Amino acid sequence: MYAMERQQLIERELREVGRVSVVDLARRFDVTTETVRRDLDRLETVGSLRRVHGGAVGIDRASTAESTLTERRERQGDAKRAIAAGALAVLGSSFRGSIFVDAGTTAAAVAAVLPGALSAGTGVEVVTHSLEAAHLLAGEERLSLTTIGGRVRGVTAAAVGAHTVRAIGQLRPDIAFVGTNGLSAGFGLSTPDPEEAAVKTAIIQSARRVVLVADAAKFGEELLVSFARLDEIDVLVTDASPSAPLAEALADADVEVRVA
């Protein structure tokens, strides 16, 4: 296989998956790891990717990069729906109390199926700072909805800022469904924007129980701002088992992992 052919296949892999490994590519193409590294160096030079330890990621996966809400809705749709169903199983059939729904498309998937998991007259109170989650839950008779205001970030349709953080700090929800852009053994949970991070930290600190909803594409990712340690999570609901280093770190932090 010519170098150009390998590099085209690497670019395709990055578009579909978002990251590549030197070792995996060497095995796949039956070449040395040095050959793969030269391919990656060439692709980085022309702006097709960004080199990271052990491989490369797409240029849209820098520590401050964020996809639009529309792009994220369309990505990993089946996985997010499965995760949402698995997250609601955490509630149990007779849940009574209060729920905080974070911003993000995976948390919104939870909001979309939440009403169907509740019985009429359960007295469940749902709080959110997400315009998308609020839209999905508004008018539902099986729950009471409270929205928290603030400056709305267009890229996430979420309220952020000091007012939002203060309002969340005055709450004590029984359970919070929280999303993340990155999840790693060493850096914990992370997101590109400091204001989003501050809100997520406030949610996690206020909730009695934290359920992280994150697809496997988030594993190993480290974005600009860490907003929580692994030991601040109670349950991780995901669509695939974490790799050994992350799985060990989650076990050490006493996080229950549920694969939907």
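With all protein chains in place and a 1.4 Å probe, the accessible surface of the chain carries 48 percent carbon and sulfur. Residue ranking by accessible heavy-atom surface, 1.4 Å probe, largest first, among 227, 187 comes out as 187, 227. Would you mind checking the tilt of helix 3-17 against the longest principal axis of the Cα atoms of the chain, expressed as 0 to 90 degrees and rounded to 10? Roughly 0 degrees, rounded to the nearest 10. Fully extending the segment from residue 45 to residue 33 would add 2.5 nm, taking 0.36 nm per residue of separation and subtracting the current Cα-Cα distance.
Using the average count of surrounding beta-carbon atoms within 10 Å as a protection proxy, the listed peptides 21-29, 79-87 rank, highest first, as 79-87, 21-29. Between residue 174 and residue 23, what length in nm is gained on full extension when 0.36 nm per residue of separation is reduced by their alpha carbon distance? Stretched out fully, the residue 174 to residue 23 stretch lengthens by 49.9 nm.
Averaged per residue, the stretch 190-258 has 40 square angstrom of accessible surface, using a 1.4 angstrom probe with ligands and nucleic acids left out. The length gained by stretching the chain between residue 140 and residue 208 to full extension, at 0.36 nm per residue less their Cα-Cα distance, is 22.0 nm. Classify the stretch 71-169 as rounded, prolate or oblate, taking a ≥ b ≥ c as the square roots of the eigenvalues of its Cα gyration tensor: rounded when a/c is under 1.5, otherwise prolate if a/b is larger than b/c and oblate if not. Oblate, because a/c is 1.5 or more while a/b does not exceed b/c.
Suppose R0 equals 25 Å. What FRET efficiency, 1/(1 + (r/R0)^6) with r the Cβ-Cβ distance, do residue 166 and residue 231 give to the nearest 0.05? Don't skip to the answer; put the middle values down first.
Details: r = 25 Å, r/R0 = 1.01.
After rounding to 0.05, the efficiency reads 0.50.
The calculated FRET efficiency for residue 52 paired with residue 252, based on their beta-carbon distance and R0 = 41 Å, is about 0.95.
For the chain, averaging the sequence separation of C-alpha pairs within contact (under 8 Å, six or more residues apart) and dividing by the residue count gives a relative contact order of 15 percent.
The values are calculated or read from the model by the stated rules, or taken from the named source; none is laboratory data. Here the structure is a predicted model, which means the values were calculated and not measured. Don't worry about glycine lacking a Cβ; one is built from the backbone with ideal geometry, like all the others, and counts go over all protein chains shown. The protein model used for the area step is the full one, side chains on, heavy atoms only, and it has no ligands, DNA or RNA in it. Shrake-Rupley method; radii C 1.70, N 1.55, O 1.52, S 1.80 Å.
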